[in-house]
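Chemist: This is the structure, below, for whatever I ask next.
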Number of protein chains: 2
Amino acid sequence: MTSVEEGSSRPAGQSAVIDLLGVLAYAELTAFDRLAEDARLAPTLEGRAALARMAAAEIGHHDRLTQRLRELGVDVAQAMTPFVAALDAFHDGTRASTWLEGLVKAYVGDGLATDFYREVAAFLPQPDRALVEEVLDDTGHADFALREVRAAIVADPTLAGRLALWARRLVGEALTQSQAVIAEHEQLADLLIAGTGDLTGVARLLQRLTTAHSARMQALGLNP
Amino acid sequence: MTSVEEGSSRPAGQSAVIDLLGVLAYAELTAFDRLAEDARLAPTLEGRAALARMAAAEIGHHDRLTQRLRELGVDVAQAMTPFVAALDAFHDGTRASTWLEGLVKAYVGDGLATDFYREVAAFLPQPDRALVEEVLDDTGHADFALREVRAAIVADPTLAGRLALWARRLVGEALTQSQAVIAEHEQLADLLIAGTGDLTGVARLLQRLTTAHSARMQALGLNP
């Protein structure tokens with residue numbers, strides 16, 4: 001693996017920071033999109049407003065990230081562009097067709113992504129570590145989704161099987177797309193391996209992600 | 001016309017305030033939806049983020065209005081519900097199919113609606129007058145839309161005719177829906193007539209709206 005990005009005069013560490021800020025900035029933009037779209041599936045005006053409010057919070061995070069990218073002298077669109085295809089493919093491949101599917105996607109999918117980004121952020125220098133941790137802070141969506149999905153499953157237990165299947169599809173698609181991203185961004189892979197120590201460290205990281213994912217599924221009342 | 005809403009113990013003035021806050025709260029929610037939808041038509045990531053940011057600002061306005069409704073002891077969903085059908089019909093009937101149509105709709109349609117709500121707000125008691133004026137403040141959308149549409153027409157003058165036609169369709173649909181709303185909400189009509197003095201006052205109000213609308217069309221480079 002190369003330790004310096006080809007065609008770039010930036011040190012490898014900074015390239016990884018910019019990659020992470022870039023992927024997160026675009027992830028927040030797609031999160032906005034998806035929440036705005038799913039808001040329209042809401043069965044009540046309150047639910048619709050709640051999701052719209054969360055979408056708005058994601059844009060606040062997007063702005064914080066793009067502001068930092070500009071501080072680093074980086075073109076924001078250029079930093080996001082390498083991640084557009086993978087993130088769009090993920091969302092296009094897992095478009096929620098019901099209100100509950102959207103909420104499960106938000107809780108399970110965003111939970112997994114957040115855990116992963118948080119692990120990577122731990123290897124970043126300051127102030128970027130603090131910034132990433134800040135924008136990964138939950139916007140209240142997790143609790144809202146958890147409450148709504150649990151209530152729906154209590155009211156109709158037959159939903160559980162279908163939603164568990166949906167959650168497994170989300171995870172499969174997320175793994176496919178994140179492998180594609182890491183394969184194309186060596187400095188992210190380097191950061192991950194250097195940060196965790198070695199491949200055993202990476203395996204332990206994946207184990208932590210899996211454990212947290214199972215806990216979320218159980219909290220929803222779904223078989224992991 | 002009745003001066004007190006049937007089945008309500010509120011004075012007529014307060015019913016009109018609640019109606020106006022309710023219609024605006026729902027209008028902000030639909031503005032959020034529409035901006036979020038149109039953001040996906042953006043030709044660049046910057047344009048997409050700009051529209052998403054404006055959508056987020058509308059939710060901030062929505063929150064201010066619903067907070068005031070709760071202060072007045074009003075159920076928020078109940079205050080918005082009477083206006084859902086008319087506003088949804090307007091948006092469904094004028095769904096932008098291109099980025100430029102979305103921007104013209106935002107500039108011309110929102111400009112007209114804002115002018116109208118601002119006229120009505122002038123008849124409200126405080127603190128509601130100040131609140132409505134605050135949430136009607138432009139979120140930067142008008143300038144952005146103006147700049148983008150003008151630049152597009154300069155680059156391709158043949159766009160002007162099609163966009164002018166589109167703007168006329170917007171105004172027609174807006175008039176249809178606002179007449180429907182006012183016909184069903186006598187206290188809003190009463191407020192308008194009492195505020196302007198008489199029907200001549202209403203005619204002058206319509207004249208002011210028309211003049212401002214023509215100015216906006218000309219600013220875009222379109223024939224009113």
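The values are calculated or read from the model by the stated rules, or taken from the named source; none is laboratory data. Keep in mind that this is a model prediction, so the values were computed, not measured. Heads up, the Cβs are rebuilt from the backbone with ideal geometry, glycines too, and the neighbour counts pull from every protein chain shown.
Chemist: Quick one: count up the residues across the range A:37-57 that are crowded, with 24+ Cβ neighbours inside 10 Å and not in a helix (DSSP H, G or I).
Modeler: Total meeting the criteria: 0.
Chemist: Within the range B:119-135, does at least one residue satisfy the condition of being at pLDDT below 85 and among the polar types (S, T, N, Q)?
Modeler: No, the conditions are met nowhere in the range B:119-135.
Chemist: Give A:Leu222, A:Leu175, A:Leu199 a once-over and let me know the one that is of a type in the set (A, V, I, L, M) and either touching a residue at least 12 places away in the same chain (Cβ under 8 Å) or surrounded by 15 or more Cβ atoms within 10 Å (Cβ to Cβ) (or both).
Modeler: A:Leu222
Chemist: Also: Of everything in the range A:79-109 that's hydroxyl-bearing (Ser, Thr, Tyr) and assigned to a helix (DSSP H, G or I), which residue is farthest from the other protein chains (Cβ to nearest Cβ)?
Modeler: Checked the range A:79-109; the qualifying residue farthest from the other protein chains (Cβ to nearest Cβ) is A:Tyr107.
Chemist: Let me ask something else about it. Report, ordered by the first and then the second residue, all pairs with beta carbons closer than 7 Å, sequence separation of six or more or different chains, a first member in the range B:66-84 that is without any contact (Cβ under 8 Å) to a residue 12 or more places away in the chain, and a second member that is in a helix (DSSP H, G or I).
Modeler: B:Arg70/B:Val76; B:Ala77/A:Leu45; B:Ala77/A:Glu46
Chemist: Mind listing whichever residues of the range B:87-115 are hydrophobic (A, V, I, L, M, F, W, C) and touching a Ser or Thr at 6+ places or on another chain (Cβ under 7 Å)?
Modeler: B:Leu87 - this is the single residue of the range B:87-115 that is hydrophobic (A, V, I, L, M, F, W, C) and touching a Ser or Thr at 6+ places or on another chain (Cβ under 7 Å).
Chemist: Please indicate, with yes or no, whether at least one residue in the range B:99-114 is aromatic (Phe, Trp, Tyr), under 12 Å from the mean Cα position of the chain (by Cα) and closer than 22 Å to B:Glu37 by Cα.
Modeler: yes
Chemist: Is it fair to say A:Leu29 is at pLDDT 90 or above and more than 9 Å from chain B (Cβ to nearest Cβ)?
Modeler: Considered against the rule, which asks whether it is at pLDDT 90 or above and more than 9 Å from chain B (Cβ to nearest Cβ), A:Leu29 comes out as no.
Conditions tested, residue by residue: (1) touching a residue at least 60 places away in the same chain (Cβ under 8 Å); (2) under 20 Å from B:Leu20 (Cα atoms); (3) among the polar types (S, T, N, Q).
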{"site": "B:Thr114", "(1), (2), (3)": "no, yes, yes"}
{"site": "B:Pro127", "(1), (2), (3)": "no, yes, no"}
{"site": "B:Glu134", "(1), (2), (3)": "yes, yes, no"}
{"site": "B:Arg169", "(1), (2), (3)": "yes, no, no"}
{"site": "B:Thr211", "(1), (2), (3)": "no, no, yes"}
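Chemist: Oh, and also: List pairs: first in the range B:14-33 and more than 16 Å from B:Arg68 (Cα to Cα), second in a helix (DSSP H, G or I) and charged (D, E, K, R), Cβ under 6 Å, 6+ apart or cross-chain?
Modeler: B:Ala31/B:Glu58; B:Phe32/B:Glu58
Chemist: Of the conditions (1) part of a helix (DSSP H, G or I); (2) exposed (fewer than 13 other Cβ atoms within 10 Å of the Cβ); (3) in contact (Cβ under 8 Å) with a residue 60 or more places away in the chain, B:Leu188 satisfies every one except a single condition; which number is it?
Modeler: (2)
Every residue, every condition in (1) among the acidic types (Asp, Glu); (2) buried (at least 17 other Cβ atoms within 10 Å of the Cβ), yes or no:
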{"residue": "A:Val108", "(1), (2)": "no, yes"}
{"residue": "A:Ala113", "(1), (2)": "no, yes"}
{"residue": "A:Tyr117", "(1), (2)": "no, yes"}
{"residue": "A:Pro125", "(1), (2)": "no, no"}
{"residue": "A:Asp143", "(1), (2)": "yes, no"}
{"residue": "A:Val149", "(1), (2)": "no, yes"}
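Chemist: For the range B:208-219, which positions are of a type in the set (D, E, K, R) and either loosely packed, with under 15 Cβ neighbours inside 10 Å or part of a loop (DSSP other than H, G, I, E, B) (or both)?
Modeler: Selection gives B:Arg208 alone.
Chemist: In the range B:45-73, how many are over 21 Å from A:Ala50 (Cβ atoms) and facing chain A (nearest Cβ under 7 Å)?
Modeler: Adding up the residues that qualify gives 4.
Chemist: Suppose the filter is of a type in the set (A, V, I, L, M), surrounded by 19 or more Cβ atoms within 10 Å (Cβ to Cβ) and away from every other protein chain (no Cβ under 14 Å); does B:Val76 pass it?
Modeler: Considered against the rule, which asks whether it is of a type in the set (A, V, I, L, M), surrounded by 19 or more Cβ atoms within 10 Å (Cβ to Cβ) and away from every other protein chain (no Cβ under 14 Å), B:Val76 comes out as no.
Chemist: How many residues are among the aliphatic types (A, V, I, L, M) and under 21 Å from A:Val74 (Cα atoms) if we restrict to the range B:25-51?
Modeler: 3
Chemist: Does A:Leu165 satisfy being under 17 Å from the mean Cα position of the chain (by Cα) and part of a helix (DSSP H, G or I)?
Modeler: no
Chemist: Tell me, please, whether a residue that is aromatic (Phe, Trp, Tyr) and over 21 Å from B:Ala50 (Cβ atoms) can be found in the range B:120-134.
Modeler: Yes: one or more hits.
Chemist: Looking for whichever is more than 28 Å from B:Glu46 (Cα to Cα) and crowded, with 18+ Cβ neighbours inside 10 Å here; the options are B:Leu170, B:Leu205. Which one fits?
Modeler: Just one listed residue meets the conditions, B:Leu205.
Chemist: For the range A:125-161, which residues satisfy the criterion of being charged (D, E, K, R) and in a loop (DSSP other than H, G, I, E, B)?
Modeler: A:Asp137, A:Asp138, A:Asp156
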